[in-house]
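The values are calculated or read from the model by the stated rules, or taken from the named source; none is laboratory data. The structure displayed is predicted, hence computed values, not measured ones. Here the Cβ is made from the backbone with ideal geometry for all residues, glycine too, and neighbour counts use every protein chain on show. Protein only, heavy atoms only, side chains kept; ligands, DNA and RNA dropped before computing areas. Shrake-Rupley method; radii C 1.70, N 1.55, O 1.52, S 1.80 Å.
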Amino acid sequence: MKYTSEYRNEAEAQRYAQALAHITTRPWTLMEVCGGQTHAIVKFGLDSLLPDGITLVHGPGCPVCVTPLEVIDKAIHLARRPDVIFCSFGDMLRVPGSDTDLLSIKASGGDVRIVYSPVDAVKVAQDNPEKQVVFFAVGFETTAPATAMAVHQAKAQGVDNFSMLVSHVLVPPAMEAILSSPERRVQGFLAAGHVCTVMGVKQYEPIAARYNVPIVVTGFEPLDILQGITMCVKQLEEGRAVVENQYARSVRLDGNEPAMRLIETVFEIAPQKWRGIGAIPQSGLALREAYSRHDANRRFGLEGMTADEPAECLSGQVLQGIIKPHECPAFGAKCTPERPLGAPMVSSEGACAAYYRYRGHGL
């Protein structure tokens, strides 16, 4: 197939649904890891095509959603400083901190700029040597190579007024945390195709073996997802638990090796707190000592800042597949896109935003 429309062919989707119904003999619960997959599932009504016994739950695969509250507060603290130009991807601006968000800081006069690449932030620093320029480095393995390139360039070119507020997270440790939970519901995973485009598929093989859970690397179009579900259910029905690659048009077994080397050059694996979930060992990326000069936490003395999550936001349970968005008492009432309690309601990949947008708030 060459065109997007071919991956959204309705007749082909119905054939996948019929094939899936034919092989399904018992209930199964699967988790799609990526928020982009969640939006496709809800937007195109893919879950309504599935046999009654197949339940999809939504995982922690939204980089905006899992960025800790205290890191948002740090970003807001920096954006308020008159000597700082704070650069961020646009989808971070409406994520609520403890008392406000970056968009409000920008509206009140803070120099908050949307960039489309971390390297753009380095250029902002070169063009404004009298200011400190901070880039908000968030996301999974997918965005880490570009972040690594930006700080690598800044160091090489001596751009000393550039630093990064880093909150990169890694997918496999989060999957292991979900599988280790006593509240575990998940019996199979649809892994995020773009993460595997960078990191390959080998990282999932020990997880599939250790927890006896099928993992299917899956793309983001409707037929990708239906095929990924079918592959996952087929394994479960046959009593197998291995890693399979549905997204072979983009994902290679070994991933993008130059990108991985760049990540390893700049970052080291570190403990990481996930918003709504808590600390997950060895699930984050931190700047190596060689790049510590560009660490905004150190430059601005932010290491000690902490924040408590609002108790009425159940996004952590949503992100672990324990509940669905509309099962949160605040969904559509106290929590809306206009007045969100948590990031999943405002992020473009957030599960709560997907349900609110495509299913309505009356669920």
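Only Lys, Arg, Asp and Glu count, each charged at its Cβ (+1, +1, -1, -1), so figure out the dipole size of the range 100-159 about its Cα centre, rounded to 20 debye.
Taking the Cα centre of the range 100-159 as origin, the dipole is about 80 debye.
Against the globular-protein guess of 2.2 N^0.38 Å, express the Cα radius of gyration of the range 143-192 as a ratio, rounded to two decimals.
Here the Cα radius of gyration is 1.78 times the empirical estimate.
Which percent of the accessible area of the chain is formed by carbon and sulfur heavy atoms (probe 1.4 angstrom)?
Whole-percent figure for carbon plus sulfur exposure: 50.
With the cut-off at 32 Å, report for the chain the share of all Cα pairs above it, as a whole percent.
Of all Cα-Cα distances in the chain, 32 percent exceed 32 Å.
About the Cα centre, and with charges only on the beta carbon of Lys, Arg (+1) and Asp, Glu (-1), how big is the dipole of the chain? Nearest 20 debye, please.
The calculation lands at about 160 debye.
With N set to the residue count of the range 1-81, report its C-alpha Rg divided by 2.2 N^0.38 Å to two decimal places.
Relative to the rule-of-thumb radius for its length, the range 1-81 sits at 1.58.
Given the peptides 117-127, 64-74, arrange them by the average over their residues of other C-beta atoms within 10 Å, most packed first.
For the peptides 117-127, 64-74, the packing ranking is 64-74, 117-127.
Treating the beta-carbon of each Lys and Arg as +1 and of each Asp and Glu as -1, no other charges, what is the dipole magnitude of the range 1-156 about its Cα centre, to the nearest 20 debye?
With only Lys, Arg, Asp and Glu charged at Cβ, the dipole is about 200 debye.
Tell me the GluC sites (Glu not before Pro) within the range 109-188 that lie in a loop according to DSSP and have at most 13 other beta-carbon atoms within 10 Å.
Answer by residue number: Glu130, Glu183.
Return the Rg/Rh ratio of the range 258-363 with Cα-based radii and a Kirkwood Rh.
1.09
Would you rank Ser283, Ser292 by solvent-accessible area, highest first, keeping every protein chain in place and using a 1.4 Å probe?
Largest accessible area first, the list is Ser292, Ser283.
What does the charge add up to near Gly284, with Lys and Arg as +1, Asp and Glu as -1, over the other residues with Cβ less than 11 Å from its Cβ?
Spelling it out: positives minus negatives among the neighbours equals 0.
For q = 0.15, 0.18, 0.19 Å⁻¹, what log10 I(q)/I(0) does the range 184-305 give under the Debye formula with an equal point scatterer on each alpha carbon and no solvent?
These q points yield log10 I(q)/I(0) values of -0.83, -1.03, -1.08.
Search the structure for amide H atoms under 5 Å from the amide H of Glu244, placed 1.01 Å from N in the peptide plane, and list their residues when 5 or more places away or on another chain.
Distant-sequence amide H within range of Glu244: Ile215, Val216, Val217.
Quick one, can you get me the convex hull of the C-alpha atoms of the range 40-167 expressed as volume per residue in Å³?
Spread over its residues, the Cα hull of the range 40-167 gives 121 Å³ apiece.
Compute the separation of the alpha-carbon centres of the range 125-140 and the range 71-94 and state it in Å as a whole number.
10 Å
Under 4.7 Å Cβ to Cβ, no partner at all: give me those cysteines from the chain, in residue order.
Cysteines of the chain left without a disulfide-compatible partner: Cys34, Cys87, Cys196, Cys232, Cys313, Cys328, Cys335, Cys352.
How many times 2.2 N^0.38 Å is the alpha carbon radius of gyration of the range 139-254?
1.27
If I fit a long axis through the Cα atoms of helix 257-266 and take the longest principal axis of the Cα atoms of the chain, what angle between them do I get, 0 to 90°, rounded to 10?
Here the helix axis deviates by roughly 40 degrees.
Could you tell me which of Ala333, Ser347, Gly321 has its Cα farthest along the dipole of the range 290-355 towards the positive end, charges placed at Cβ (Lys, Arg +1; Asp, Glu -1), taken about the Cα centre?
Ser347
How much of the pair distance distribution for the range 96-143 lies past 18 Å, counting alpha-carbon pairs only, in percent?
Counting pairs separated by more than 18 Å, the tail of P(r) holds 43 percent.
On alpha carbon coordinates alone, what is the Rg over Rh value for the range 217-258, Rh being the Kirkwood radius?
Over the Cα atoms of the range 217-258, Rg/Rh equals 1.04.
So how do 9-22, 309-322, 91-104 stack up, highest first, on mean other-Cβ count within 10 Å?
Ranking the peptides 9-22, 309-322, 91-104 by packing returns 309-322, 91-104, 9-22.
Could you grab the relative contact order for the chain? Cα pairs under 8 Å, six or more apart, rounded to a whole percent.
It rounds to 22 percent for the chain.
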